[in-house]
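Let me begin by presenting the structure, written as structure tokens, before commenting on it.
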Amino acid sequence: MSKQSKQAFYIGNELKLIRKALKINQSEMADQLGIKRSRLGSYEEGRAMPDIEMFLKICKTYDRDPFSFLEPLSKLQDGE
């Protein structure tokens, strides 16, 4: 798995955890973010990564520090 694939998978997994913690479905989260449910699904499954604008919107909408997503990704830089 490439580094970018690992990053997409990690971000997608975090999105899914946020959604499940809020007890909302993909359609509800997608509506909150102004995207299609299929796009959110592709993020959650690690098939796509949100662009920087969407990433920041996710952080703002769900009151998440961007570094909470990025800190574990730094481990990928170390070769994990």
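The values are calculated or read from the model by the stated rules, or taken from the named source; none is laboratory data. All of these numbers come straight from a predicted model, not from anything done at the bench. Cβ sites come from the backbone with ideal geometry, for glycine too, and all protein chains shown count toward neighbours. Each accessible area value is taken on the protein alone, full model and side chains, heavy atoms only, with ligands, DNA and RNA left out. Shrake-Rupley method; radii C 1.70, N 1.55, O 1.52, S 1.80 Å.
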In the set Ala8, Ala21, the lone residue that is modelled with pLDDT of 95 or more and not acidic (Asp, Glu) is Ala21
Could you count how many residues in the range 23-75 are under 12 Å from the mean Cα position of the chain (by Cα) and among the basic types (Lys, Arg)? 4
Condition set among the charged types (D, E, K, R) and farther than 11 Å from Ile11 by Cα, scope the range 23-47, selection most open to solvent (accessible area, probe 1.4 Å): answer is Lys23
What are the residue pairs meeting all of these: first residue in the range 7-23, first residue among the acidic types (Asp, Glu), second residue at pLDDT below 95, Cβ atoms under 7 Å, and 6 or more apart or on different chains? Glu14/Phe69
Here the residues within the range 3-17 that are open to solvent by 60 Å² or more (accessible area, probe 1.4 Å) and in contact with a helix residue (DSSP H, G or I) (Cβ under 6 Å, 6 or more places away or on another chain) are Lys3, Lys6, Lys16
Cβ-Cβ distance below 9 Å, separation of 6 or more or different chains: which pairs start in the range 48-65 with a residue that is within 13 Å of Ile18 (Cα to Cα) and open to solvent by less than 20 Å² (accessible area, probe 1.4 Å) and end on one that is among the hydroxyl-bearing types (Ser, Thr, Tyr) and not in a loop (DSSP other than H, G, I, E, B)? Ile58/Tyr43; Cys59/Ser68
Residues in the range 25-47 that are outside any helix (DSSP H, G or I), without any contact (Cβ under 8 Å) to a residue 40 or more places away in the chain and either of a type in the set (Gly, Ala, Ser) or closer than 19 Å to Ser68 by Cβ (or both): how many? 1
